[in-house]
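Coordinate-derived values only; no laboratory data. This one's a predicted model, so the numbers in the text were calculated from it and none came from an experiment. Heads up, the Cβs are rebuilt from the backbone with ideal geometry, glycines too, and the neighbour counts pull from every protein chain shown.
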Amino acid sequence: MLNESPEEKMNRFVTLYSASQRNISAYVMLLLRNVSDTDDVIQEVATLLWEKFDEFEHGTDFLAWAIAFARFKVMSHMRNKKKRERVFSNELIETLSDVAETQVQRSNLRADALGKCLELLKASDRKLIEMRYEDGGSVKVVAKRTGTNINSIYKILNRLHERLLRCISLRMKGIGAL
């Protein structure tokens, strides 16, 4: 962005990168299947993204931009590794990369669908789900906090999970109802 201070630029990068980091990591891990290699490549990707951040067009899809760099770094890593040991062919790497990218995009769509489906729940139902999945949450904790029998909470949460799964499935198909 023009007229942006170095601190503003850094803050914008950190915000965008933080929001995408899990997906970038998942993409790299799907391709490399090795934690050590994945960590190395993710560090290289983060460095490269920062170095090239001036080229990023504000308002475009940061994750797609970052995945392109991650793909490049994974390919480079695999080529270098191929020189040392036997690894996949370039064609297979390209295919796996396409599959991994699709999986990351699908995961994002499911997360978006879940968010929209949660919004459609009654506030009291949404609160039960939030209590169950917050840090330290459990069915026992929800029962205690609401003063409700634990078996009743299991039944209520099961019903809510089924509704959410159905809603997500419909949204993923483009229908969009709860």
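Identify the trypsin sites (Lys or Arg not before Pro) of the stretch 8-67 meeting these criteria: DSSP loop state and at most 14 other C-beta atoms within 10 Å of the C-beta.
For trypsin sites (Lys or Arg not before Pro) across the stretch 8-67 that sit outside H, G, I, E and B with at most 14 neighbouring Cβ atoms in 10 Å, the list reads ARG33, LYS52.
With 29 Å as the cut-off, how large is the P(r) tail for the chain, expressed as percent of Cα-Cα pairs?
The share of Cα pairs beyond 29 Å in the chain comes to 44 percent.
So if I place +1 on the C-beta of Lys and Arg and -1 on the C-beta of Asp and Glu, and nothing else carries charge, what would the dipole magnitude of the chain be about its Cα centre? I want it in debye, nearest 20.
Roughly 1260 debye, rounded to the nearest 20.
Nearest 0.05, what FRET efficiency do LEU170 and THR15 give at R0 = 25 Å with Cβ-Cβ as r?
Approximately 0.20, to the nearest 0.05.
I want the local charge near PHE56. Using Cβ-Cβ distances under 13 Å, sum +1 for each Lys or Arg and -1 for each Asp or Glu among the other residues.
Computed value for this residue: -3.
Quick check: the angle from helix 150-172's long axis to the longest principal axis of the chain, C-alpha only, nearest 10 degrees?
The answer is roughly 50 degrees.
From zero outward in steps of 10 Å, how is the percent of C-alpha pairs of the stretch 1-55 spread across the bins?
Cα pair-distance distribution for the stretch 1-55, in percent: 23, 47, 22, 8, 0.
Under a point-charge model restricted to the Cβ atoms of Lys and Arg (+1) and Asp and Glu (-1), what is the dipole moment magnitude of the stretch 121-178 relative to its Cα centre, in debye to the nearest 20?
That gives a dipole near 180 debye.
Using only the Cα atoms of the stretch 121-178, what semi-axes does the equivalent ellipsoid have when each is the square root of 5 times a gyration tensor eigenvalue? Give whole Å, largest first.
25, 11, 9
Using +1 at the C-beta of Lys and Arg and -1 at the C-beta of Asp and Glu, which of LEU48, TYR17, ASN34 has the Cα lying farthest in the positive direction of the dipole of the stretch 1-107?
Final value for the positive-end residue is ASN34.
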